Amino acid sequence: MNTVHRDTPHTLWSTDLAQPPAGPPLPIADLLLAPTQERGPTAQHALLHALSLAAGGARWQHSFEYALVTGLAAVQTSEVSETSEVLALVALASTDLLRGAGALVALDAAGEERYRWAPGVQRVSAPAVSGGVACFTADARALVLLDPASGEERASVKLGTSASLSAPALADGVAYVPCRGPHLLAVGWDGKVRWRFDAPESGAVWLDKTPVVVGELVFAALTSGAVLALRVEDGALAWRADVGPAGKRLSPPVADGERVYVGARDGLHALDLGNGCAAWTFLTERRIVAAPVVAGGVVYAACHDHHLYALDAATGRESWRREVERRIEVAPVLAACGSPPTTCAIVADRGGALTAIACPLDAEELETRARSLEEADCSDEERAEAWAAAAQALADLGARERAAACQEKVARWLRQPVIRLDVQHEGLVLDAWTRLQFIARNEGYGPARNLIIRASGDQFQGQVMATQRIIRLEAKGESADWLDVRPREYGDSVPLRVSVEYQDLSGATCVCEQTIYISVAQTETGRGAGQTRHVRLPATTHVLSFDRLSPLDFERLCLWLVEGEGYVRGEHLGLAGSEQGRDVIAYKRAPDGEELWYFQCKRYKSIGAKTLRDEVDKYLALAEEKPHLRPAGVVFVVSCAASAQVREQVGDYCEQHGLEHEFWALTELDMRVKRYPDLLQEFFNLAL
């Protein structure tokens, strides 16, 4: 089975820097460095923010007067781990010819300056580091090589054309320099120009984005919308591919050894590395200008449509997406965030909000993460949640024994029951009534309440039979009950579906099912000896599948739930089609009368703050027109998880406009619905 299970992406942390990003952030040690630039036409200063990778909190800031940060790079000062440290190289271009200066500044993890290369130039390009060399261009006319640990200049090579501020690409002692024109230069670290490629286009076309080198080819993007593959040896054109709408700029290219990926005005394009033929295209409504990131068979693409997309590198199929507040113009980065460390894609939107998005994990990764939480400083609920995710992933892969072991951990941390049934009988005969004894044993960690056992199957008369309800079965306790059954078929393996339903300590409904196979004789003379079947039914507090409901049924569910939760005079306005954002309305009893509340019902895979704020705006517009319809509060009923960032942003927005608010997101919604057997029966066909 080739299915790979992945959980859902979620926001691990978010920090608003309140200034537009000047470039992609850079992970360094346990920090994330994020450059920003002041807003406005007269902005002159840049800031470098150091944030904690674990939680996004601010550690320090470094200000650069009359400068723009053109790029960052990380460098290890020594190959000896005991004496080595990581430095951040910060490249600067002057924003004021008289008071500013270009420079390359090295900062340590505490934000202290270690050295500054500043020989009176105005512009230093983004740096690249490889093989113990830092490489960049100065004033567009010179290629400079430094010792990145000490800042000592090793060489400066004059260029015969104008270089761009993008970083060179380094490979095998050669720097491939992007230019502000239709040129790409290959310059050896010995100072010799190996070759110069000149694009044949007429007009103002540039090769100004950082190229990428893979094997014997170097790939570069023309501003006219073409990807070029040049031979490393001599710069000869190996192939050319026009990408996206004609004449529109592309993102810097990236590659993974099989394909080259590039963003365009219409989406992300993957080209075959060998011949440039289109491998796949992922279309978006707005442009992709930031370089994609490829790792672990996944391509991460940041788009102007406010989304980060995770795509399968081989097929281009979307694995997941995550929406942020504003458009994304700089490349995402991957880093380990949180505690325990979780692989995250970190994006910086146009407004300066940095968001660490925990990348979904496959089954093996989920199991490893859950194991790491066993001794970690976290709550029992967090441990249980991690084991539950691993159990579901393994079950999807058919690894039932491992899934059951993970589910056992869930039961332990949540103090849930684990039910084992012994089904005993004295031999069954076709068309003869026989008594089955069910012995329920609770081998788990908490009591099972209102437990009832059902047996069903077309092969037995009555089809559905149920035992008496067991009010409470304590952990390590047992209880016996009987059902009379009459087989309609005979054979060595006649199927009988056995289910156990109960409530755990939290009041959540648990449904456990398994098919057992019983020998049934054709005649009395063939009646066999008695049998005992052992059926182990692990506690499975399933999250209800809200996404399987239609949008209309989800709104109906919300209406039923609203009435169950004590609201009165509920109305389902969404059914009328002109609800102005109000799917359900109801009244809440208050000391001085009744309060009007609105319920926004969203059956979504994921939800962003902007979507919910837009709904609040509809309510406010309606209240301006009809003041008597202004609600006291809003309940956001959503079928997906709502991140802390979304809750905080939407909550602040509601408070600013004098509205109370509540979230009934996935976990809360699941818990509330499971309190009502009639809802379980009506919408999920679960009986209790």
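Given the options 466, 522, 502, identify the residue whose Cα lies farthest towards the positive end of the charge dipole of segment 419-537 (+1 on Cβ of Lys, Arg; -1 on Cβ of Asp, Glu).
Final value for the positive-end residue is 502.
Using R₀ = 35 Å, calculate the FRET efficiency as 1/(1 + (r/R₀)^6) where r is the Cβ-Cβ separation of residue 568 and residue 468; round to 0.05.
0.45
Please give the Cα centre distance for segment 465-492 versus segment 502-523, rounded to the nearest Å.
About 9 Å separates the Cα centre of segment 465-492 from the one of segment 502-523.
What is the distance, in nm, between label points placed 7 Å from the Cα along the Cα-to-Cβ direction at residue 29 and at residue 678?
6.2
Subtract the Cα-Cα distance of residue 236 and residue 180 from 0.36 nm times their separation in residues, and report this length gain in nm to one decimal. Could the numbers behind the result be given before it?
Working: separation 56, 0.36 × 56 = 20.16 nm, distance 1.98 nm.
Residue separation times 0.36 nm, minus the Cα-Cα distance, leaves 18.2 nm.
If each of residue 38 and residue 110 carries a label point 7 Å out from its Cα toward its Cβ, how far apart are those two points in nm?
Each label point is offset 7 Å from its Cα along the Cβ direction, giving 2.9 nm.
Over the chain, calculate the relative contact order: mean separation of alpha carbon pairs under 8 Å at least 6 apart, over the residue count, as a percent.
Reported as a whole number, the value is 7 percent.
What's the longest bit of the chain with no exposed trypsin sites (Lys or Arg not before Pro), using DSSP loop states and at most 13 other Cβ atoms within 10 Å as the test?
In short, 318-475.
For segment 276-388, what is the charge dipole size about the Cα centre, in debye to the nearest 20, if Lys and Arg each add +1 at the Cβ and Asp and Glu each add -1 at the Cβ?
My answer is approximately 780 debye.
Give me the number: length gained by fully extending residue 60 to residue 379, i.e. 0.36 nm times residue separation minus the C-alpha to C-alpha distance, one decimal in nm.
This chain segment gains 111.8 nm when fully extended.
Take the Cα of residue 74, step 7 Å along the line toward its Cβ, and report every residue of segment 314-338 whose backbone nitrogen sits under 13 Å from that point.
Residues 333-337 qualify, since their backbone N sits under 13 Å from the label point.
Quick one: check the C-alpha center-to-center distance for segment 626-688 versus segment 322-371, whole angstrom.
Measuring centre to centre over Cα atoms gives 26 Å.
Would you work out which of 549, 235, 12 lies farthest towards the positive end of the dipole of the chain? Charges go on Cβ: Lys and Arg +1, Asp and Glu -1.
Result: 235, furthest along the dipole toward the positive end.
How many angstrom lie between the Cα centre of segment 196-260 and the Cα centre of segment 10-25?
Using only Cα atoms to place each centre, the spacing works out to 30 Å.
222 nm [θ] for the chain, helices only, -39500 (n - 2.57) per DSSP H run of 4+, per residue, to 500?
Working: 8 runs with 102 residues, N = 688.
Helix-only estimate at 222 nm: -4500 deg cm²/dmol.
Between residue 476 and residue 517, what is the label-to-label distance in nm when each label sits 7 Å out along the Cα-to-Cβ direction?
With each label point 7 Å from Cα toward Cβ, the separation is 3.7 nm.
If you take the beta carbon distance between residue 624 and residue 193 as r and set R0 to 45 Å, what does 1/(1 + (r/R0)^6) give as a FRET efficiency, to the nearest 0.05?
Using R0 = 45 Å, I get an efficiency of 0.10.
What dipole magnitude, in Debye to the nearest 20, does the chain give about its Cα centre under +1 on Lys/Arg Cβ and -1 on Asp/Glu Cβ?
800
What GluC sites (Glu not before Pro) in segment 301-397 are in a loop by DSSP, with at most 13 other Cβ atoms within 10 Å of the Cβ?
Those that pass, being in a loop and sparsely packed, are 374, 375.
So if we plug the beta-carbon distance of residue 592 and residue 656 into 1/(1 + (r/R0)^6) with R0 = 30 Å, what FRET efficiency do we get, rounded to 0.05?
0.80
Taking segment 22-128, which GluC sites (Glu not before Pro) meet the DSSP loop condition and have no more than 11 other C-beta atoms within 10 Å?
Of the GluC sites (Glu not before Pro), the ones in loops of segment 22-128 whose Cβ has at most 11 other Cβ atoms within 10 Å are 79, 82, 112.
Where Rh is the Kirkwood radius over the Cα pairs of segment 419-537, the temperature 20 °C and the viscosity 1.002 mPa s, what D in µm²/s does Stokes-Einstein return?
The diffusion coefficient I find is 147 µm²/s.
Mind putting a number on the dipole of segment 25-158 about its Cα centre? Charges go on the C-beta only, +1 for Lys and Arg and -1 for Asp and Glu, and I need it in Debye to the nearest 20. Kindly include the intermediate steps, with their values, before the conclusion.
Numbers: 9 positive and 14 negative charges, 110 e Å.
Here the size comes out at about 520 debye.
Which Cα, out of 398, 368, 410, lies furthest along the positive dipole direction of segment 367-414 (beta carbon charges, K/R +1, D/E -1)?
398
Per the Kirkwood formula on distinct C-alpha pairs, the Rh of segment 64-132 is how many angstrom?
One decimal place: 12.6 Å for the Kirkwood radius.
Cβ under 11 Å from residue 347's Cβ, residue 347 left aside: what net charge do those residues give with Lys, Arg +1 and Asp, Glu -1?
Values: positive: 322, 326, 327, 350; negative: 323, 325, 329, 349.
Once positives and negatives cancel, what remains is 0.
Read the figures in this text as sums done on the coordinates, not as results from a lab. Note that the structure is predicted; figures quoted are calculated from it, not measured. As a convention, Cβ positions derive from the backbone with ideal geometry for all residues, glycine included, and neighbour counts pool all protein chains shown.
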